[in-house]
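What follows is a set of notes on a single structure, which appears directly below.
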Amino acid sequence: QVQLVESGGGLVQPGESLRLSCAASGSILGIYAMSWYRQTPGKQRELVARITSGGDPNYADSVKGRITISSNNAKNTMYLQMNSLTPDDTAVYCCNTIRTGAQYWGQGTQVTVSS
């Protein structure tokens, strides 16, 4: 079992920044990659970014240049630095990983971008 706990969401104004965290615990040895997804009501869940255990990142085209994914393996924590936020970034952000064929999700953290 893997437990994922997100934090760092909140209400910000357009143009501001937020850093989300995802702390992993449990049976985390052997995890190859972790991801951030986001979802808004009525829309399909969207993959935002993914990072491998070796630190290689991948981003959705919609966030390239504004969002940086990183990880601290010593702390078993993944981060999502989001800059120049717009109302379109408003969503529940969840972290995700796959281990031995099973998917694990955190409970999500709400990000709201509004003036």
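The values are calculated or read from the model by the stated rules, or taken from the named source; none is laboratory data. Remember, it's a predicted structure, so these values are computed and weren't measured experimentally. All Cβ positions, glycine included, derive from the backbone under ideal geometry; neighbour counts span all protein chains shown. Ligands, DNA and RNA are excluded from the accessible area calculation, which covers all protein heavy atoms including side chains. Shrake-Rupley method; radii C 1.70, N 1.55, O 1.52, S 1.80 Å.
Accessible surface area normalised per residue over the chain is 54 Å², counting heavy atoms of protein chains with a 1.4 Å rolling probe. In a fully extended conformation the segment linking THR86 and ALA102 would gain 2.4 nm over its present Cα-Cα distance, using 0.36 nm per residue. Taking every alpha-carbon pair under 8 Å whose residues sit at least 6 apart, the chain reaches a relative contact order of 37 percent. The share of accessible area on the chain that comes from carbon and sulfur is 48 percent, using a 1.4 angstrom probe.
Toward the positive end of the charge dipole of the chain, with +1 on the Cβ of Lys and Arg and -1 on the Cβ of Asp and Glu, the farthest Cα among VAL48, THR90, GLY101 is that of GLY101. Each Lys and Arg Cβ is given +1 and each Asp and Glu Cβ -1; about its Cα centre, the range 47-108 then shows a dipole of about 200 debye. The charge dipole of the range 1-85, taken about its Cα centre with unit charges on the Cβ atoms of Lys, Arg (+1), Asp and Glu (-1) only, comes to about 60 debye.
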